[in-house]
Amino acid sequence: MPRVPVQLHCPDPVLEAGLRSQLRPQPGIQLLPPGDPTPPTVALISVDTLDGDTTALLHRIRHTTPARLALLVARLDVTHLPTAAECGITAILRRSQATPEQLTHMITSAARGDGMLPDDLLGPLLTQVGHLQRQVLTPHGLDFSGLTTREIDVLHHVADGRTTTEIAQTLGYSERTVKTTLHGIVTRWHLRNRTHAVAHAIRHGLI
């Protein structure tokens, strides 16, 4: 099984040395030395909390590497999760739980694109998501895809190969409404055309 190339970001040199000593013996981990040009699969970031400096660091890493981001953090509660998601974090582990086995599990999970979150945050997160759906998205006809029901319906029919006229007749809209709906999707997502919109939606699991 190939090892996962990992780039380590830790502002504290003592903590960084400790992390390297924990990860170096792990057979599934290829810990990259500073300056190594090997593209990392996972960037492991160790911080105290998600404050402004940490957020800036995460954005900088996200925009300079294609690696998936895994966060090792000392202090974290559910109010930090939206920021973590917005910064592109895939997996989170509290520093107090950072055994070599848990670190390896977090890194390999992130490398596969799987999420990882401390167990005590799952319940509050689901409560927060439910509140967002009820109070913000549903009243505006949206779901977590960022698409309205109308946009999803139109994209489904485009994906089935139907023409604008056929979509309008099937859904009971005017052709102008169908065209406006598709134009809105293409513009909002910075896409080229309706075919690109369908491909984007399928690729991201939106339809």
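Among the residues making up segment 43-91, those that are among the hydrophobic types (A, V, I, L, M, F, W, C), closer than 15 Å to residue 10 by Cα, over 12 Å from the mean Cα position of the chain (by Cα) and not in a helix (DSSP H, G or I) are 43, 44, 45, 47, 50, 71, 72, 73, 74.
Go through the residues of segment 22-39 one by one and say whether even a single one is at negative phi, more than 19 Å from the chain's Cα centre (by Cα) and part of a helix (DSSP H, G or I). Yes.
Go through segment 8-35 and give me each residue that's over 16 Å from residue 92 (Cα atoms) and either surrounded by 20 or more Cβ atoms within 10 Å (Cβ to Cβ) or in contact with a strand residue (DSSP E or B) (Cβ under 8 Å, 6 or more places away or on another chain) (or both). Steps first, answer last, please.
The initial filter retains those residues of segment 8-35 that are over 16 Å from residue 92 (Cα atoms), namely 11-18, 20-35.
If the condition is that a residue be over 16 Å from residue 92 (Cα atoms) and either surrounded by 20 or more Cβ atoms within 10 Å (Cβ to Cβ) or in contact with a strand residue (DSSP E or B) (Cβ under 8 Å, 6 or more places away or on another chain) (or both), then 11, 12, 15, 16, 20, 23, 24, 28, 29, 30, 31, 32 are the ones that fit.
Table: residues versus (1) among the charged types (D, E, K, R); (2) at pLDDT 90 or above; (3) within 16 Å of residue 86 (Cβ to Cβ).
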site	(1), (2), (3)
31	no, yes, no
34	no, no, no
39	no, yes, no
42	no, yes, no
46	no, yes, no
51	yes, no, yes
59	no, no, yes
62	yes, no, yes
65	no, no, no
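Within segment 149-192, the residues that satisfy the criterion of being over 15 Å from residue 207 (Cα atoms), modelled with pLDDT of 90 or more and out of contact with any helix residue (DSSP H, G or I) (no Cβ under 8 Å at 6 or more places or on another chain) are 163, 169, 172, 176, 180, 183, 187.
Out of the residues in segment 66-77 meeting the condition of being buried (at least 16 other Cβ atoms within 10 Å of the Cβ) and not charged (D, E, K, R), tell me which one is nearest to residue 38 (Cα to Cα). First the steps, then the outcome.
Of the residues in segment 66-77, the ones buried (at least 16 other Cβ atoms within 10 Å of the Cβ) are 67-73, 76.
With the extra rule that they be not charged (D, E, K, R), the set shrinks to 67, 69-73, 76.
Numbers: 67: 11, 69: 16, 70: 18, 71: 20, 72: 22, 73: 25, 76: 31 Å.
Among them, the one singled out is 67.
The values are calculated or read from the model by the stated rules, or taken from the named source; none is laboratory data. In this text, all values refer to a predicted model and were calculated from it rather than measured experimentally. Counting neighbours? That spans all protein chains shown, and the Cβs are built from the backbone with ideal geometry, glycine included.
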